[in-house]
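The values are calculated or read from the model by the stated rules, or taken from the named source; none is laboratory data. As the structure is a prediction and not an experimental result, all values here were calculated from the model. Every residue, glycine as well, gets a Cβ built from its backbone with ideal geometry; the counts of neighbours run over all protein chains shown.
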Amino acid sequence: MSRAVVILPTYNEEGNIRSVIEGVFAQAGKKPSWDLHILVVESTSQDRTDEIVTGLQKNYKKLHILRTKKEGLGKAYIRGFEYALNILNADIIFQMDADLSHEPAKIPAFLSLIESGADFVIGSRYTKGGSIPENWDFHRKLFSVLGNWIIRIGFMNMKITDWTSGFRAIRAPLIRNIIAKVDNFSGYVFQVAILDNALKNGATVKELPIQFKDRKEGKSKIDSIEYIIQTLLYVFLESSFVKFVLVGGTGFLLDSIILYILALKLHFPPWFAKLISAETVIISNFTLNNFWSFSHKQLDLRWKTYFRGLLKFNIVSSGNIFIQTIGISVMTYLFGKSNIILYNALIIILLVIPYSYFFYNKFIWKDSR
């Protein structure tokens with residue numbers, strides 16, 4: 001029998017914790033092939049949360065409590081992961097809020113998706129069938145919806161609709177592989193970090209629609225401004241796509257400098273100067289992308305593998321030239337030459353960058369699975 005451990009981080013949840021625990025254990029009989037446990041990670045609550053959980057342990061032998069100091073959501077989950085992996089021998093670990101915003105009745109559906117081959121199941125508010133409360137304030141809807149779109153674009157991953165959801169089921173071996181990489185993240189950016197690292201580790205991710213509900217008891221712990229700043233910073237520092245764009249920007253500057261020196265200062269034939277500058281940039285971009293942008297799946301240093309990757313990079317890059325040439329021709333034919341620089345910029349942003357990123361991932365830096 002496989003074991004699933006639901007981790008519930010708590011801080012001052014006396015009004016909710018009993019109902020959540022009872023609701024989770026009510027699902028146990030719906031999946032008899034799973035041994036369902038709950039681990040409450042109790043962060044020195046100032047109310048009766050600890051007392052209530054301790055009292056419930058008399059009725060539920062598979063209810064566990066881990067007492068920690070208050071360090072934030074990310075640290076609470078890390079402590080819970082370690083306990084679930086090393087003490088409870090979990091096969092699947094759930095992340096779940098303790099404030100009744102996540103429906104325990106969804107747990108069997110999560111486990112069904114795990115059984116079908118998923119490594120990581122996300123309870124999504126933004127996929128078809130999911131929802132957020134209609135009575136949310138405008139600023140909260142804006143932060144949540146816009147924040148998820150920024151993350152999706154930042155990581156150039158449109159398939160996953162809810163990067164910040166706190167309702168998840170994750171295979172234990174996957175958590176073992178990535179726990180060290182997310183240990184330094186706190187607060188709600190932890191949710192983004194663990195999903196990002198799971199994807200970089202080749203995880204199969206599926207989404208399940210959920211109807212998110214507002215808490216009825218207690219106060220929310222979300223600091224919206226801090227959450228936005230931390231999330232944007234994480235995307236900027238960790239996104240392969242953002243790094244890829246920055247590499248492209250440095251390539252553009254390098255190309256311009258070399259072209260200027262060779263063509264205007266050393267008087268090389270323009271076509272020859274452009275050939276040298278273009279190939280220099282291709283080699284530079286390939287190297288920077290391999291060791292920085294796509295470092296989590298970089299090519300090994302055997303010369304055959306590296307040369308083969310460089311050759312593929314050249315082929316994809318030739319497609320960039322084709323797209324720009326055709327695009328500029330069409331735009332100038334339709335609208336004239338006066339805004340050719342603007343046309344070129346739009347073509348690069350809207351066509352060349354997505355095309356390059358897609359094919360580099362597809363044919364050069366392939367995912368491990």
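Could you say whether any residue in segment 93-110 is surrounded by fewer than 19 Cβ atoms within 10 Å (Cβ to Cβ), part of a helix (DSSP H, G or I) and among the acidic types (Asp, Glu)? No; the residues of segment 93-110 include none that is surrounded by fewer than 19 Cβ atoms within 10 Å (Cβ to Cβ), part of a helix (DSSP H, G or I) and among the acidic types (Asp, Glu). Note on segment 146-177: residues that are touching an Asp or Glu at 6+ places or on another chain (Cβ under 7 Å) and either free of Cβ contacts under 8 Å to residues at least 24 places away in the same chain or in a helix (DSSP H, G or I) (or both) total 3. Of all the numbered requirements in (1) over 24 Å from Ser112 (Cβ atoms); (2) surrounded by 20 or more Cβ atoms within 10 Å (Cβ to Cβ), Arg171 misses one, and that requirement is (1).
Within segment 208-229, does at least one residue satisfy the condition of being touching a Ser or Thr at 6+ places or on another chain (Cβ under 9 Å), farther than 25 Å from Ser131 by Cβ, part of a loop (DSSP other than H, G, I, E, B) and aromatic (Phe, Trp, Tyr)? No, that holds for no residue. Within segment 186-207, which residues are in contact with a helix residue (DSSP H, G or I) (Cβ under 9 Å, 6 or more places away or on another chain), in a loop (DSSP other than H, G, I, E, B) and modelled with pLDDT of 95 or more? Ala203, the sole residue that qualifies. The condition of being surrounded by 20 or more Cβ atoms within 10 Å (Cβ to Cβ), in a helix (DSSP H, G or I), over 17 Å from the mean Cα position of the chain (by Cα) and modelled with pLDDT under 95 holds for only one of Lys141, Lys75, that being Lys75. The residues on offer are Lys58, Lys70, and the sole one that is in contact with a Phe, Trp or Tyr (Cβ under 8 Å, 6 or more places away or on another chain), farther than 30 Å from Glu134 by Cβ and exposed (fewer than 15 other Cβ atoms within 10 Å of the Cβ) is Lys70.
Of the residues that make up segment 2-12, is at least one surrounded by fewer than 18 Cβ atoms within 10 Å (Cβ to Cβ), in contact (Cβ under 8 Å) with a residue 24 or more places away in the chain and part of a loop (DSSP other than H, G, I, E, B)? Checking segment 2-12: not a single residue is surrounded by fewer than 18 Cβ atoms within 10 Å (Cβ to Cβ), in contact (Cβ under 8 Å) with a residue 24 or more places away in the chain and part of a loop (DSSP other than H, G, I, E, B).
Which residues, taken from segment 291-317, are touching a residue at least 24 places away in the same chain (Cβ under 8 Å) and assigned to a helix (DSSP H, G or I)? Passing the criteria: Trp292, Ser293, His296, Lys297, Gly309, Leu310, Lys312, Phe313, Asn314, Val316, Ser317.
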